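So the structure is just underneath, and the comments pick up after that.
What follows is calculated from the coordinates using simple rules that are stated; it is not laboratory data. As the structure is a prediction and not an experimental result, all values here were calculated from the model. Cβ atoms come from the backbone with ideal geometry, glycine included; neighbour counts cover every protein chain shown.
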Ligand SMILES: Nc1ncnc2c1ncn2[C@@H]1O[C@H](COP(=O)(O)OP(=O)(O)OP(=O)(O)O)[C@@H](O)[C@H]1O
Ligand SMILES: [Mg+2]
């Protein structure tokens, strides 16, 4: 830019000098100045004046020309520098000479294109990031150098880690379960896809992950690293275990009475029937066991019905105190046999529920209170309203349950003391049925218990109003 200015300045000075000199010659031709021009001092003075005037005029003119010529170029240069810095919103002023306007317009088109490309790239990056973070699986990418180049939030959550102690670290240095580290190592070393189910514990939790690892191939089959995708299947594993336990429990529960019935009937057929007292006692056992079998099948069918996805109770405004009184009336004779006092404290409360199902719930809870209490104790039933809910509390002074067992009481077939509960004729399905029925009423059930002191079951049900 500077050399252009210098050249322009010299050129203009030359032209103006020539112009002024020509003017002087023309003027001196017209007017008689010859006499004076013979004096060399006058000539030098005149020449000096001509060139000084030429200098001043040319400086002013060249300054203006340079300004007009260079301003758009400077503006375009500034805009280009801004673009280089990454500011794609910079625009050049489209004014000045025709060429400059064209240049500014071109640079502006370039800037607009760059801005659009950046916006599209940003949008795609956002989309990819959202996808990676919300894909529902854990994801980790490791580059060729074996460093973690990308990790999503589910991955960090699954392994209870923070981004700082994983991002950019060598995969070998990561504080992750050994089974997972071995899996990653295998995929990284062999550069072959692999899939596995791994189990490990984080704190108190047992985790089951379905992991998939594969090499990342770039252009021309260039190996860029590996990607690890993990899916939490802990819940699936738990459900699988529940199903296995259920089948094992059902088989076991069915086999016990069947074995007993088969054994006693075979003994009778072998000749024991001839002794009347033995015959009677064996028949009694067979009758009791077949009753148990019937009860078990009835409870199983009931549970499968209640657990069915579409199961709904026939909810209607129901007088809960009447329900409790009816259930109490049914169990009263058995309570009296065991000298247990049944104490009802009922406020008038209307709930939204199915009276028959609610009686079933109350019968199960009262039967448990009766079964797991010693004689000459008291069973209390309270009914009252609390914060827009009906609260039913069944409190006994029975054997109680260990705190560690409380969480398992509602599991199918779960019994704290198997032998004892079986002697009482129970199937271990009562509380699971109760829980499902309460939940079908949009209610909730909780347990509070202390060994040797007693157990309290509390049910919360929605009010009719
Ligand atoms: N009130 C209670 N006091 C102490 N333990 C209880 C009480 N209620 C339930 N339990 C414990 O919880 C277990 C599960 O109860 P649940 O009612 O489901 O089965 P069950 O009473 O054994 O048989 P059933 O299916 O005939 O009711 C019982 O076996 C018992 O160990
Ligand atoms: Mg029971």
Under a plain spin-label model, where a point goes 7 Å from the Cα along Cα-to-Cβ, how far apart in nm are residue 281 and residue 359?
3.9
Of 323, 247, how do they rank once you tally other Cβ atoms within 10 Å and put the fewest first?
247, 323
Within 10 Å of each residue's Cβ, count the other Cβ atoms and sort 292, 7 from fewest upward.
7, 292
Return one number: the angle in degrees, 0 to 90 and rounded to the nearest 10, between the long axis of the Cα atoms of helix 355-371 and the longest principal axis of the Cα atoms of the chain.
70
Pairing the Cα long axis of helix 2-30 with the longest principal axis of the chain, what angle in degrees results, from 0 to 90 and rounded to the nearest 10?
30
For the range 316-462, the fraction of alpha-carbon pairs in successive 10 Å shells from zero, as %:
12, 44, 36, 8, 0
For the chain, take the longest principal axis of its alpha carbons; what is the angle in degrees between that and the long axis of helix 98-133, to the nearest 10 within 0 to 90?
10
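In nm², what is the average projected area of the convex hull enclosing the Cα atoms of the range 85-221?
Directional mean of the projected Cα hull area for the range 85-221 stands at 12.0 nm².
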Counting other beta carbons within 10 Å of each Cβ, put 335, 217 in order, fewest first.
217, 335
So how much slack lies between residue 326 and residue 18, counting 0.36 nm per residue of separation and subtracting their Cα-Cα distance, in nm?
98.0 nm
Rounded to the nearest Å, what's the spacing between the alpha carbon centres of the range 36-106 and the range 339-418? Just the number, please.
100
Residue span residue 84 to residue 337: 0.36 nm per residue of separation minus Cα-Cα distance leaves a gain in nm of 81.5 nm
Fully extended contour minus Cα-Cα distance, from residue 113 to residue 95, at 0.36 nm per residue:
4.4 nm
